[in-house]
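The block underneath contains the structure these notes are about, expressed in structure tokens.
The values are calculated or read from the model by the stated rules, or taken from the named source; none is laboratory data. Small disclaimer: the values here were computed from a predicted structure and weren't measured. As a convention, Cβ positions derive from the backbone with ideal geometry for all residues, glycine included, and neighbour counts pool all protein chains shown. When the accessible area is computed, the model is the full protein with side chains, heavy atoms only, and any ligands, DNA or RNA have been set aside. Shrake-Rupley method; radii C 1.70, N 1.55, O 1.52, S 1.80 Å.
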Amino acid sequence: MISSGSRHSERPLNVLLVDDDDLFLEYLTWELETLNCTAQCAMDAEKALTLLQDNVFDMVVTDWQMPGMDGIALVERIRALHGRDRFLHVVMTTARGDSQTIRHALNAGVDDFLFKPLDRIQLELAMASARRNVALHYRLQRRNHHLAAANARTREAYRRVQADLDAAAALHRRLLPDQDSHGPLQVAWTYRPAQHISGDTIGLIPLRNGAHLFFLADVQGHGVPAALASFHIHHRLSQLAPDTPAALSQAISDLNREIEGQQSESYATLICGLLFPQSGESWIICAGHPPPFIMHLEDVAPLVLEGTFPLGWFPDANFDPMPFQLRPGDRLILYSDGVTECCDTQGTMLEQSGLRALLDAARSYPIDQMVQQVDAALRTRRGPAGLEDDISLLALEISTNQIQGTA
């Protein structure tokens with residue numbers, strides 16, 4: 001037996017009783033009230049459906065045999081009207097206890113049975129089962145409400161993070177070189193982050209003495225930390241704006257000490273230099289970065305450099321610029337290792353020889369079309385996992401037409 005203390009410590013169940021026997025309804029109402037329930041009665045199925053439409057019940061107890069719509073038809077209507085999201089515990093009273101009858105009722109949507117003649121212990125067992133189901137339903141309902149609220153907060157947080165990432169990506173793209181306003185120096189580039197934002201950065205900055213500072217940096221790692229570090233490198237080089245070989249060496253040394261002094265695992269490879277478009281005089285520093293290519297009218301070849309360590313490895317590393325000459329019509333191509341390590345669907349890397357072949361095949365195109373051809377070839381190599389590293393390529397050319405025009 002359920003103790004009165006435990007019964008009355010719980011919320012009363014709201015029960016709808018459906019039976020054409022008014023004496024049975026009166027008896028069942030009295031019994032349910034002693035079990036901490038409130039009951040409303042209907043003498044037929046139509047009245048029950050009206051009450052269900054206007055009230056919220058935890059439980060329906062319906063007779064099987066009734067004039068007009070019987071209990072099975074009523075249960076089927078109830079289940080059709082309530083749907084899956086609205087909980088209602090349905091108990092059927094019947095004098096028929098054969099398996100076929102019970103299976104038929106279960107298929108209609110009945111949860112439990114009370115067999116006539118009804119006794120007290122049977123009713124208590126049925127009500128205990130109903131109460132557990134109702135309590136479980138409301139617990140799940142509260143939990144789902146909390147989960148929905150948490151999910152909404154998560155979606156809002158994700159939206160804000162996505163907006164921040166979009167803003168960071170847009171800021172990175174605004175740092176890319178202008179392809180139109182560098183006088184006799186023509187520029188083209190491709191820039192594709194492996195993730196939403198990139199650890200690569202490309203720069204081409206006109207200086208007061210007529211030179212251009214060019215650079216391509218590749219910060220170790222991906223995502224926000226790498227993007228922040230690459231943005232810092234771009235900002236510092238733009239701020240320092242070295243316009244002589246000595247100033248270039250000092251600027252890279254200062255930047256190296258700054259990165260090493262951060263006491264983090266981050267480091268960056270960098271290729272950086274000065275280019276005087278009017279004379280073709282150039283200086284370049286390679287800090288752990290893949291060597292660039294020089295494209296002449298007749299061939300494409302890597303520029304042989306004495307490289308040094310990446311930025312952030314050793315605080316006292318030396319960065320001495322190497323001079324080279326870029327003649328009118330020649331092209332200088334800088335790239336990140338994401339280009340040469342770009343894999344095809346078979347997992348084969350492009351490597352330096354593959355990039356050289358792509359550049360050689362597009363050598364006769366104008367510089368912007370050449371870069372587009374290389375970028376299109378890289379896109380076809382994109383494997384099923386997508387890009388594994390950021391892809392950056394910067395091409396510079398001293399225009400023969402503009403040099404002749406200024407002569």
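Some notes on this structure:
- A count restricted to region 31-63 and to residues that are touching a residue at least 24 places away in the same chain (Cβ under 8 Å) and either among the acidic types (Asp, Glu) or on the phi > 0 side of the Ramachandran plot (or both) stands at 5.
- Residue that is surrounded by the fewest Cβ atoms within 10 Å (Cβ to Cβ), among those in region 21-47 that are out of contact with any Gly (no Cβ under 9 Å at 6 or more places or on another chain) and among the acidic types (Asp, Glu): 22
- Within the set 345, 308, the sole residue that is closer than 28 Å to residue 254 by Cβ and open to solvent by 20 Å² or more (accessible area, probe 1.4 Å) turns out to be 308.
- Residue 393, sole failed condition from (1) modelled with pLDDT of 95 or more; (2) in a helix (DSSP H, G or I): (2)
So that you can scan it fast, the table gives a plain yes or no per residue for (1) touching a residue at least 24 places away in the same chain (Cβ under 8 Å); (2) among the β-branched types (Val, Ile, Thr):
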{"position": "94", "(1), (2)": "yes, yes"}
{"position": "105", "(1), (2)": "yes, no"}
{"position": "109", "(1), (2)": "yes, no"}
{"position": "124", "(1), (2)": "yes, no"}
{"position": "132", "(1), (2)": "no, no"}
{"position": "142", "(1), (2)": "no, no"}
{"position": "146", "(1), (2)": "no, no"}
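- Selection within region 374-388 - open to solvent by 90 Å² or more (accessible area, probe 1.4 Å) and either modelled with pLDDT of 90 or more or of a type in the set (Val, Ile, Thr) (or both): 380
- Strands (runs of 3 or more DSSP E) fully within region 9-127 counting 1 or more residues that are acidic (Asp, Glu): 59-63, 112-115
- Only one of the numbered conditions (1) open to solvent by 20 Å² or more (accessible area, probe 1.4 Å); (2) of a type outside the set (D, E, K, R); (3) more than 19 Å from residue 31 (Cα to Cα) is violated by residue 108, and that is (1).
- Screening region 330-342 for residues that are open to solvent by less than 70 Å² (accessible area, probe 1.4 Å) and of a type in the set (D, E, K, R) and picking the one that is farthest from the chain's Cα centre (by Cα) gives 330.
- Restricting attention to region 280-298 and to residues that are farther than 24 Å from residue 391 by Cα and out of contact with any Gly (no Cβ under 9 Å at 6 or more places or on another chain), the residue that is most open to solvent (accessible area, probe 1.4 Å) turns out to be 298.
- Conditions (1) among the β-branched types (Val, Ile, Thr); (2) modelled with pLDDT of 90 or more; (3) open to solvent by 60 Å² or more (accessible area, probe 1.4 Å); number of the one not met by residue 56: (2)
- Sole exception among (1) open to solvent by less than 70 Å² (accessible area, probe 1.4 Å); (2) of a type in the set (A, V, I, L, M); (3) at pLDDT 90 or above for residue 135, by number: (3)
- Residue match in region 187-198 (condition: in contact (Cβ under 8 Å) with a residue 12 or more places away in the chain, open to solvent by 70 Å² or more (accessible area, probe 1.4 Å) and under 24 Å from residue 335 (Cα atoms)): yes
- Across region 248-263, the qualifying residues are those that are farther than 10 Å from residue 321 by Cβ and of a type in the set (Gly, Ala, Ser), and the one among them that is surrounded by the most Cβ atoms within 10 Å (Cβ to Cβ) is 251.
- Only one of 355, 332 that is over 16 Å from residue 296 (Cβ atoms) and of a type outside the set (Ser, Thr, Tyr): 355
- Filter result for residue 351 (open to solvent by 10 Å² or more (accessible area, probe 1.4 Å) and on the phi > 0 side of the Ramachandran plot): yes
- Selection of region 168-186 for residues being in contact (Cβ under 8 Å) with a residue 40 or more places away in the chain and over 23 Å from the mean Cα position of the chain (by Cα) yields 175, 177, 179, 182, 183, 184, 185, 186.
- Conditions (1) hydroxyl-bearing (Ser, Thr, Tyr); (2) open to solvent by 30 Å² or more (accessible area, probe 1.4 Å); (3) closer than 17 Å to residue 24 by Cβ: number failed by residue 50: (3)
- Output for region 321-351, where each listed residue is over 26 Å from residue 176 (Cα atoms) and either of a type in the set (Gly, Ala, Ser) or in a loop (DSSP other than H, G, I, E, B) (or both): 344, 345, 346, 347, 348
- In region 69-84, residue farthest from residue 12 (Cα to Cα) [restricted to those that are modelled with pLDDT under 90 and surrounded by fewer than 14 Cβ atoms within 10 Å (Cβ to Cβ)]: 80
- Restricting attention to region 311-327 and to residues that are in contact (Cβ under 8 Å) with a residue 40 or more places away in the chain, open to solvent by 30 Å² or more (accessible area, probe 1.4 Å) and in contact with a Phe, Trp or Tyr (Cβ under 8 Å, 6 or more places away or on another chain), the residue that is nearest to residue 226 (Cα to Cα) turns out to be 313.
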